[in-house]
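What follows draws every value from the coordinates through simple rules; no lab data is involved. Since the structure is predicted, the reported quantities are computational estimates derived from the model, not experimental observations. Don't worry about glycine lacking a Cβ; one is built from the backbone with ideal geometry, like all the others, and counts go over all protein chains shown.
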Amino acid sequence: MNVDKFKNIECMDNVERLLIIRKRLNKKQYEFAREIGVSPSYLLAVENYKKPFTKSLLRKINAYLQSKEME
């Protein structure tokens with residue numbers, strides 16, 4: 001699967017990048033949250049700008065995308 005690296009997607013901010021990646025992967029919030037190792041409620045809060053987009057979340061997303069490249 002050819003998935004763009006997180007940083008290569010040009011957007012206004014990391015939350016917008018997150019939404020684009022998730023939609024390109026055709027994943028629902030709860031599916032993507034489970035696959036990257038966060039709770040669905042946390043991912044929902046980040047996507048709604050209620051919680052900050054952290055470096056830890058970025059690492060989890062990048063690790064997930066790298067694993068997809070290997071497939």
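Observations, loosely collected:
- Taken along the Cα-to-beta-carbon direction at a fixed 7 Å, the label points for E31 and M12 span 2.7 nm.
- Placing +1 on the Cβ of every Lys and Arg and -1 on the Cβ of every Asp and Glu, with nothing else charged, gives the chain a dipole about its Cα centre of roughly 180 debye.
- For L18, L58, order by how many other beta-carbon atoms lie within 10 Å, fewest first: L58, L18
- For segment 6-70: rounded, prolate or oblate by the Cα gyration tensor [a/c cutoff 1.5]: rounded
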